[in-house]
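Following: one structure in structure tokens, then a few remarks.
The values are calculated or read from the model by the stated rules, or taken from the named source; none is laboratory data. The structure presented is a predicted model; accordingly, all values stated were derived computationally and were not measured. Here Cβ is always computed from backbone atoms with ideal geometry, including for glycine, and neighbour counts include all displayed protein chains.
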Amino acid sequence: MPRRRRLTRAESQAQTRSGILDAAARVFARRGYEGASIAEIAEEAGFSYGAVYSNFTDKEDLFLALYERWVAERIAEIDAEADDAAPANEGARTLVAGWLRRVEADPDAFLLRLEFTARAALDPALREKLSARVGAVPLTIARLHARSDDSAGPRFALPPEQVALALQALSLGLALEAIANPASVQPETGGQIAACLVDALTVREMQADEPVGPREQLPGDAGR
């Protein structure tokens, strides 16, 4: 039987860090951010109290690292779902419907991020740290829409970053509504709303041979 290769120090530390983050995700899901403790996370991970502090300065630093991992996973999902050949509205439909399915499958992770966001709203320093991480998702969406806007596809009435912001806000709002009233929002419903939003933001250039209808009469036009 071949001998297992011994991990380098960097690989061992990365493995420990990953195990702590996995345990933290479970503890935060059970307890919420405020209710979770470093001691419980260490016990869940099977590491010493000191092992956690050798990788993270405190609970806030640990949560932000976990948030970074969530963001990286979401960006990877968006990139995997992107289809350059698909119309922009279909891309938006896929994006938002996929997000709602993820929230439906794991609502605790979404609620946990909401709890931390509410906490950050009262802490300017924390808000700055969080915004740097949250902004990565709309930037990814904006990049996809910029690619579409620069191609032979539709032109948008707003810059790509604002289209991305609109889709991000729609996604978060629908997720909240789906949690509060599950029967009201299905993933397909959210996808359809997103597609309609992108349609509404699409500039349709008038064809040269398109007939122009009569101008609507305005007050004061009579007798001219």
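Against the condition closer than 30 Å to T202 by Cβ and in contact (Cβ under 8 Å) with a residue 60 or more places away in the chain, how does G32 come out, does it pass? Spelling it out, it is not the case that G32 is closer than 30 Å to T202 by Cβ and in contact (Cβ under 8 Å) with a residue 60 or more places away in the chain.
Among the conditions (1) loosely packed, with under 15 Cβ neighbours inside 10 Å; (2) within 20 Å of the chain's Cα centre (by Cα), E81 misses just one, which is (1).
Among the criteria (1) farther than 18 Å from A175 by Cβ; (2) surrounded by 14 or more Cβ atoms within 10 Å (Cβ to Cβ); (3) of a type outside the set (A, V, I, L, M), the one E34 does not fulfil is (2). Is it the case that A105 is closer than 25 Å to Q15 by Cβ and exposed (fewer than 15 other Cβ atoms within 10 Å of the Cβ)? When the stated conditions are applied, A105 does not pass them.
Scanning the stretch 10-37 for residues that are among the β-branched types (V, I, T) and closer than 20 Å to D108 by Cβ gives I20, V27.
Results for (1) under 13 Å from the mean Cα position of the chain (by Cα); (2) assigned by TED's automatic domain parsing to the domain that holds N89; (3) at pLDDT 80 or above, shown as yes or no for each residue.
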site: F116; (1), (2), (3): no, yes, yes
site: A121; (1), (2), (3): no, yes, yes
site: E128; (1), (2), (3): no, yes, yes
site: G135; (1), (2), (3): yes, yes, no
site: I141; (1), (2), (3): yes, yes, no
site: R147; (1), (2), (3): no, yes, no
site: A152; (1), (2), (3): no, yes, no
site: R155; (1), (2), (3): no, yes, no
site: P160; (1), (2), (3): no, yes, yes
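May I ask you to list the residues in the stretch 1-36 that are within 26 Å of the chain's Cα centre (by Cα) and in a loop (DSSP other than H, G, I, E, B)? Once the filter is applied, which keeps residues that are within 26 Å of the chain's Cα centre (by Cα) and in a loop (DSSP other than H, G, I, E, B), the stretch 1-36 yields only A36.
Listed here are the residues, each with its yes/no results for (1) surrounded by 15 or more Cβ atoms within 10 Å (Cβ to Cβ); (2) modelled with pLDDT under 95; (3) in contact with a helix residue (DSSP H, G or I) (Cβ under 9 Å, 6 or more places away or on another chain); (4) not assigned by TED's automatic domain parsing to the domain that holds R113.
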| site | (1), (2), (3), (4) |
| --- | --- |
| A23 | yes, no, yes, yes |
| R26 | yes, yes, yes, yes |
| A29 | yes, yes, yes, yes |
| E40 | yes, no, yes, yes |
| S48 | no, yes, yes, yes |
| V52 | yes, yes, yes, yes |
| Y67 | yes, yes, yes, no |
| W70 | yes, yes, yes, no |
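Taking the criterion of being in contact (Cβ under 8 Å) with a residue 12 or more places away in the chain and on the phi > 0 side of the Ramachandran plot, would at least one residue in the stretch 36-46 satisfy it? Within the stretch 36-46 (the criterion being in contact (Cβ under 8 Å) with a residue 12 or more places away in the chain and on the phi > 0 side of the Ramachandran plot), the answer is yes, since at least one residue qualifies.
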